[in-house]
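All remarks here apply to the structure that follows.
What follows draws every value from the coordinates through simple rules; no lab data is involved. Only a predicted model underlies this, so the values are computations on that prediction, with no experimental measurement involved. Cβ placement follows ideal geometry from the backbone for every residue including glycine, while neighbour counts extend to all protein chains displayed.
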Amino acid sequence: MSIRAASSLALAVIASLLATSSIWADEARDVENETPQSAPSEFDPWGAPHLRWPDPLTSHLGDEETYYYWTRNNRRALLAEPTAARPLSVWVGGDSLAGGATLGFRILTRNEDRWIYTEDVKKSTGIVSDWYFDWVGYLRDEIADGPYDVVVLTIGGNDWQGFRNGPSEKGGTEWVDKYQSRITEMLTVLARPGRLVVWVGLPHFRIPFMVPLPDAVNPISRRVFENGHRSEWVDAASIVSPDGVWTKHIAGDDGTQIEVRTDDGTHYQTNGARLITAAVVSAIERRTG
């Protein structure tokens, strides 16, 4: 092959390589400028929680049940175990009978740092008298989206009356249906992933016109709240009036008499408040695993 022919062949090879390099460069630029196709989004419920979720100590309640289960020690409990580093936030409210649980928590939080406690008592309110105070609306607007792990409700001490615009027959079938519908709505409003709603039933009363009340409304609230996915029901009557009637004193474990009710025949004395709160705390701790 002549020198001229060899040179022509070399130049042709170099030109071919340069052309190929140009094509590769253009393709690389096209790939670089191309909008990447995102991989199909697939929620992995078993993924590491710190890669998917905010810090539970600094965030408010979220929307995903899986998040809360992943932050629990046993991966199944509704609530985290209350500790000083991560106390449970407990809101307690209702009518004046909620003063029992609120007093008990007030005493409890003096000695323990496992709880962040908020009390919210609205005297003379009730389920029936929404014209006087609308608990459903208040819970929806003021409480439901708050940073509460536990919501404890005691309402009903003023409910032995007819609903405005009916039904008016206390304890009748329509009255019971409307009562149940209203407290079911309250639970629905409050229900959130990672939150427990506790309803404390009514104790028995000494005042004659109130005597039928707990036997009428406790079965209703019990049906709605007992052993629910995110709810518990506490039987206050069995604690402070174990014989099914009002009593001022009950027998302690050592046989001594404990004063649990006030002389007005309605409210809790300090020891009664402690016992009610102990039952509420027990219900909470059952849900911490």
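What the table shows:
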| quantity | calculated |
| --- | --- |
| Distance in nm between pseudo-label sites at Ile207 and Asp145 (7 Å out along the Cβ direction from Cα) | 3.7 nm |
| J(HN,Hα) series, the stretch 158-168, from Karplus relation 6.51 cos²θ - 1.76 cosθ + 1.60, nearest Hz, glycine and proline x | 10, 9, 7, 7, x, 6, 5, 6, x, x, 9 |
| Under 5 Å, built H, 5+ apart or other chain: amide partners of Tyr117 | Val90 |
| Scattering curve values for the stretch 216-258, log₁₀ I(q)/I(0), Debye with Cα scatterers, q = 0.15, 0.24, 0.35 Å⁻¹ | -0.50, -0.82, -1.19 |
| Spin-label pair Asn111/Thr270, simplified geometry with 7 Å Cα→Cβ offset, distance in nm | 1.2 nm |
| Proximal charge balance of Asn227 [Cβ under 14 Å; K/R count +1, D/E count -1] | +2 |
| For the stretch 252-268 and the stretch 71-98, distance of Cα centres in Å | 28 Å |
| Partner lysines for Lys170 [C-alpha distance under 26 Å; skip if fewer than 8 residues away on the same chain] | Lys122, Lys123, Lys178 |
| Label-point separation, Thr83 to Ser282 (7 Å along Cα→Cβ), nm | 2.6 nm |
| Integer Hz, Karplus 6.51/-1.76/1.60 couplings in order for the stretch 206-215, x for Gly and Pro | 9, 5, x, 5, 9, 4, x, 4, x, 5 |
| Other-chain or far-sequence residues with amide H under 5 Å of Phe205's (modelled H) | Trp246 |
| Difference of contour (0.36 nm per residue) and Cα-Cα distance, Lys178 to Asp253 | 23.0 nm |
| Length-normalised contact order of the stretch 78-286 in % [C-alpha pairs under 8 Å, at least 6 apart] | 23 percent |
| For the stretch 91-219, radius of gyration divided by Kirkwood radius, i.e. Rg to Rh on alpha-carbons | 0.98 |
| The stretch 79-89 - phi-based ³J(HN,Hα) in whole Hz, Karplus 6.51/-1.76/1.60, Gly and Pro as x | 10, 6, 6, x, 9, 5, 6, 9, x, 7, 8 |
| Distribution of pairwise C-alpha distances over the stretch 130-289, 5 Å bins, in % | 2, 8, 17, 19, 19, 17, 11, 5, 2, 0, 0 |
